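Before any comments, here is the structure.
Where a number appears in this text, it was derived from the coordinates with a stated rule and is not lab data. Being a predicted model, the structure only gives us computed values, none of them experimental. Every residue, glycine among them, receives a Cβ derived from its backbone with ideal geometry; neighbour counts consider all protein chains shown.
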């Protein structure tokens, strides 16, 4: 039996804050559906913002709690780091010169690895 991944659900506590993050900071393209949820698209991948959560992800050290994280690829890691810093995006793991990645948090604390 084979499985093919489909849409990734991003379960959030605040639809407006998450939409602002994913649309305005990450540049994902949103589409509002009939039920008031937002579908997002980025590089051919589909996401769905579901504002059903009552709690944010715990503020714990990255990789200390079992969960999934997503990767975002950029052409210039240092430039991306300063972009997120300038937009007050919280870091789960800050970038240091020579590092191959850093980790940001969305408004609910979900992790996104930023890689070059």
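With q set to 0.18, 0.23, 0.26 Å⁻¹, the log10 of I(q)/I(0) for the stretch 70-112, from the Debye formula over equal scatterers at the Cα positions, is -0.46, -0.76, -0.97.
From helices alone, the chain scores -3500 deg cm²/dmol at 222 nm; the rule is -39500 (n - 2.57) for each run of n ≥ 4 DSSP H residues, then divide by the residue total. Here the simple spin-label model places points 7 Å from the Cα toward Cβ, and for residue 9 and residue 42 these points are separated by 2.0 nm.
Scaled against 2.2 N^0.38 Å for its residue count N, the alpha carbon radius of gyration of the stretch 38-97 is 1.35.
Summarising the label geometry, the points placed 7 Å from Cα in the beta-carbon direction at residue 64 and residue 29 lie 4.0 nm from one another.
Cα axis of helix 77-86 to longest principal axis of the chain: angle in degrees, 0 to 90, nearest 10? Around 70 degrees separate the two axes. Taking a quarter of the surface of the Cα convex hull of the chain gives a mean projected area of 8.7 nm².
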